[in-house]
1. In region 1-11, which residue that is farther than 15 Å from residue 76 by Cβ and buried (at least 16 other Cβ atoms within 10 Å of the Cβ) is farthest from the chain's Cα centre (by Cα)?
2. Just name the residue that is modelled with the highest pLDDT out of those in region 30-50 that are under 12 Å from residue 73 (Cβ atoms) and surrounded by fewer than 16 Cβ atoms within 10 Å (Cβ to Cβ).
């Protein structure tokens with residue numbers, strides 16, 4: 001992708017991906033789902049998950065799976081509010097950019 005992905009956009013995408021699973025989802029699946037829209041490494045994504053947890057947007061629980069622990073993430077009410085804010089901001093931002101691009105095609 002030619003466009004840089006800022007921290008806020010990455011946070012918004014991660015929150016959106018996690019929010020699709022009401023009971024939560026685990027780190028590897030989150031990475032795979034985010035990679036459907038962005039090239040991102042696990043080494044980039046796990047600090048984002050930790051930051052969102054620290055900020056109160058995600059809650060974490062460990063579940064035993066196949067003899068080891070799998071860490072599950074779930075969006076908190078505060079995370080849902082933050083995601084709604086990101087969605088509103090993205091709608092406004094993308095509309096303005098699309099308008100500018102559309103004017104070039106005229």
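The values are calculated or read from the model by the stated rules, or taken from the named source; none is laboratory data. None of these values were measured; they are calculated from a predicted model. Cβ placement follows ideal geometry from the backbone for every residue including glycine, while neighbour counts extend to all protein chains displayed.
1. To start, the set of residues in region 1-11 that are farther than 15 Å from residue 76 by Cβ comprises 1-10.
This time we only want the ones that are buried (at least 16 other Cβ atoms within 10 Å of the Cβ), so: 9-10.
Working: 9: 8, 10: 5 Å.
Among those residues, the one meeting the criterion is 9.
2. Result: 50.
Quick grid of which residues meet (1) within 13 Å of the chain's Cα centre (by Cα); (2) closer than 18 Å to residue 3 by Cα:
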site: 19; (1), (2): yes, no
site: 35; (1), (2): yes, yes
site: 43; (1), (2): no, no
site: 50; (1), (2): yes, no
site: 78; (1), (2): no, no
site: 96; (1), (2): no, yes
